[in-house]
Amino acid sequence: MPLGKDSILQAQDIETREINVPEWGGTVLVRGLTGTERDSFEATVLQDRGKQGMVRKLDNIRAKLVARCLVDAEGARLFTDGEAGLLGRKSAAVLDRLYDVAAEMSGLSDEDVEELGKDSSSPTPSEGSISSSPNGSEPALSPSF
């Protein structure tokens, strides 16, 4: 029998995982993004350059996503969007691991970022590359340098 609206809306479909971060001396909770949160995150990856169109802006992308996905035991975010810069000062290796988990849990891939801004009036250079997450899951966004 097909699901109805109430069944869909009541389904608990946002995953949370406890991830060990030995560099920080313990574990953190990583929660996948909702559809609305993912759209909001993707909007931070685009910059309107007027006549040049939309371009991908990947600065501090790992910390931006991790800040949106780290939660406390009640599911409340630990960091605000404005605090992503502070988080970006932490170990790149730790942020990369947490980013991979958060991206996989949120259904984000390199292809998703590559698609952002393609409808603009000017082409945008490719700024991402695929890297597999350490647990062998789907590829996650990984800006290349």
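The numbers here are math on the coordinates, done by the rules we state, and not lab data. The model shown is predicted, which means the values in this text are computed figures rather than measured ones. Cβ sites come from the backbone with ideal geometry, for glycine too, and all protein chains shown count toward neighbours.
Using the beta-carbon distance between Thr80 and Leu3 and R0 = 30 Å, what value does 1/(1 + (r/R0)^6) give for FRET efficiency, to the nearest 0.05? Walk me through the numbers on the way to the answer.
Working: r = 35 Å, r/R0 = 1.15.
Taking R0 as 30 Å, the efficiency between Thr80 and Leu3 is 0.30.
Among Ile8, Ile14, Ile61, which comes first, then next, by fewest other beta-carbon atoms within 10 Å? Show your work: numbers first, answer last.
Details: Ile8 10, Ile14 14, Ile61 24.
The most exposed by this proxy come first: Ile8, Ile14, Ile61.
For Val94, what charge total do you get from the other residues with a beta carbon under 12 Å from its beta carbon, if Lys and Arg give +1 and Asp and Glu give -1? All intermediate terms of the calculation are to be shown ahead of the outcome.
Working: positive: Arg62, Arg89, Lys90, Arg97; negative: Glu23, Asp96, Asp100.
With Lys, Arg at +1 and Asp, Glu at -1, the net is +1.
Which of Lys90, Lys5 comes first, and how do the rest follow, when ranked by fewest Cβ neighbours within 10 Å? Can you show the working numbers first?
Numbers: Lys90 16, Lys5 7.
Listing Lys90, Lys5 from fewest to most nearby Cβ atoms yields Lys5, Lys90.
Arranged by the count of other C-beta atoms within 10 angstrom, fewest first, what order do Leu78, Leu58, Leu98 take?
Numbers: Leu78 14, Leu58 17, Leu98 25.
So the residues, fewest neighbours to most, are Leu78, Leu58, Leu98.
Would you mind computing, in nm to one decimal, how far apart the modelled labels at Gln12 and Ala92 are, each placed 7 Å from Cα along Cα→Cβ?
With each label placed 7 Å out from Cα toward Cβ, I get 3.9 nm.
For the stretch 14-121, what ratio Rg/Rh do Cα atoms give with a Kirkwood hydrodynamic radius?
Numbers: Rg = 14.4 Å, Rh = 14.4 Å.
That ratio equals 0.99.
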